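A short write-up of the structure that comes next.
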C-alpha cells in the first residue's frame, strides 16, 4: 500500500501539480488539515486533568497552528494571491463518551501519515522554497509522532488497546481516501466527457441554428409587414 501511495504522490507532484491552480489548491487543503488538528487538540484540553499532560498538548497545538500558518505563507508566496480558507464542517473525533486516548490515537495516525507523505512530496518537488518549508514541518511532525505515543500511555491507554485502535483508524483512513479518490476521478471523467460532447456537437448545433435563423429571415414577406404598419 505504501508503494502505491508513493507512486501516486510522484504522479501528483510531477504531473498533476503542473496544471494551473492544482498545486495551490493542495496548499489550501494542507492548511485546512493542520487547522483541523488544532481544533481537535484544543477540544481535547478540556478532558485533561494532569497539568503536565495539558502543557504537552498545548505545545503540540501551538506547533500545529504554526504549520497551518506556514501553509498560508507558502500559498501566498507561490501563487501571488491572498489566501482564502477552505470552508468545511468540523466533526468531533468519536462519540461523546469516548475516552481521550482515542482522540490522541487518531491524531497520532494523522501525524504518521502526514510525515510520510510530506517526506515524499519534498523529495519529488523541485521548488527550493517549498522543500525547505516542508522539511521543517516534517521534522516537527516526527517529534509529534513520538509525543502522541507518550501521551497515550500517560492518559491511561494500554498498549493492546492502542495497537487495536491504530489498526482500526488506519483501515478507516484508507477507506475514506479511496472513496475520495474514486469520487474525484468520477468527477474529472464526467467533466471531460461533457467537454468532449460539447466540442463535438457544438458546430452541428451552431450550423443548424444558423440555417433555421437564415430561413426565418428569408421567409418574411415585406408586403405583409407593410400592411400591418398601415
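The values are calculated or read from the model by the stated rules, or taken from the named source; none is laboratory data. These numbers come from a predicted model, not from an experiment. Heads up, the Cβs are rebuilt from the backbone with ideal geometry, glycines too, and the neighbour counts pull from every protein chain shown.
Against the condition assigned by TED's automatic domain parsing to the domain that holds residue 64, modelled with pLDDT of 90 or more and surrounded by 14 or more Cβ atoms within 10 Å (Cβ to Cβ), how does residue 106 come out, does it pass?
Here the answer is no, as residue 106 does not meet what is asked.
Pick out the one residue from 52, 82, 56 that is loosely packed, with under 15 Cβ neighbours inside 10 Å and within 18 Å of residue 147 (Cβ to Cβ).
52
Before we move on, is residue 61 within 21 Å of residue 152 (Cβ to Cβ) and touching a residue at least 60 places away in the same chain (Cβ under 8 Å)?
Against the criterion (within 21 Å of residue 152 (Cβ to Cβ) and touching a residue at least 60 places away in the same chain (Cβ under 8 Å)), residue 61 does not qualify.
Going by the structure shown, is residue 120 in a helix (DSSP H, G or I), assigned by TED's automatic domain parsing to the domain that holds residue 34, in contact with a helix residue (DSSP H, G or I) (Cβ under 8 Å, 6 or more places away or on another chain) and farther than 24 Å from residue 62 by Cβ?
yes
Only one of (1) under 21 Å from the mean Cα position of the chain (by Cα); (2) under 19 Å from residue 146 (Cβ atoms); (3) surrounded by 19 or more Cβ atoms within 10 Å (Cβ to Cβ) is not met by residue 61, so which one is it?
Failing condition for residue 61: (3).
Looking at residue 63, is it under 30 Å from residue 165 (Cβ atoms), in a helix (DSSP H, G or I) and either outside the structural domain of residue 120 (by TED's automatic domain parsing) or modelled with pLDDT of 85 or more (or both)?
yes
Please state which one of 30, 58, 11 is assigned by TED's automatic domain parsing to the domain that holds residue 147, assigned to a helix (DSSP H, G or I) and touching a helix residue (DSSP H, G or I) at 6+ places or on another chain (Cβ under 6 Å).
Answer to the selection: 30.
Hey, residue 128 hits all of (1) within 21 Å of residue 32 (Cβ to Cβ); (2) exposed (fewer than 12 other Cβ atoms within 10 Å of the Cβ) but one; which does it fall short on?
Checking residue 128 against (1) within 21 Å of residue 32 (Cβ to Cβ); (2) exposed (fewer than 12 other Cβ atoms within 10 Å of the Cβ), the one that fails is (1).
Do we find that residue 88 is touching a residue at least 40 places away in the same chain (Cβ under 8 Å) and surrounded by fewer than 12 Cβ atoms within 10 Å (Cβ to Cβ) in this structure?
So residue 88 fits the description; yes.
Which of (1) out of contact with any helix residue (DSSP H, G or I) (no Cβ under 6 Å at 6 or more places or on another chain); (2) in a helix (DSSP H, G or I); (3) assigned by TED's automatic domain parsing to the domain that holds residue 53; (4) modelled with pLDDT under 90 does residue 163 not meet, given it meets every other one?
(3)
Is it the case, given these coordinates, that residue 43 is assigned by TED's automatic domain parsing to the domain that holds residue 18, within 24 Å of residue 163 (Cα to Cα) and free of Cβ contacts under 8 Å to residues at least 40 places away in the same chain?
No; evaluated as a whole, the condition is false for this residue.
Quick check: anything in segment 169-176 out of contact with any strand residue (DSSP E or B) (no Cβ under 9 Å at 6 or more places or on another chain), crowded, with 17+ Cβ neighbours inside 10 Å and at pLDDT below 80?
The answer is yes, given that some residue of segment 169-176 is out of contact with any strand residue (DSSP E or B) (no Cβ under 9 Å at 6 or more places or on another chain), crowded, with 17+ Cβ neighbours inside 10 Å and at pLDDT below 80.
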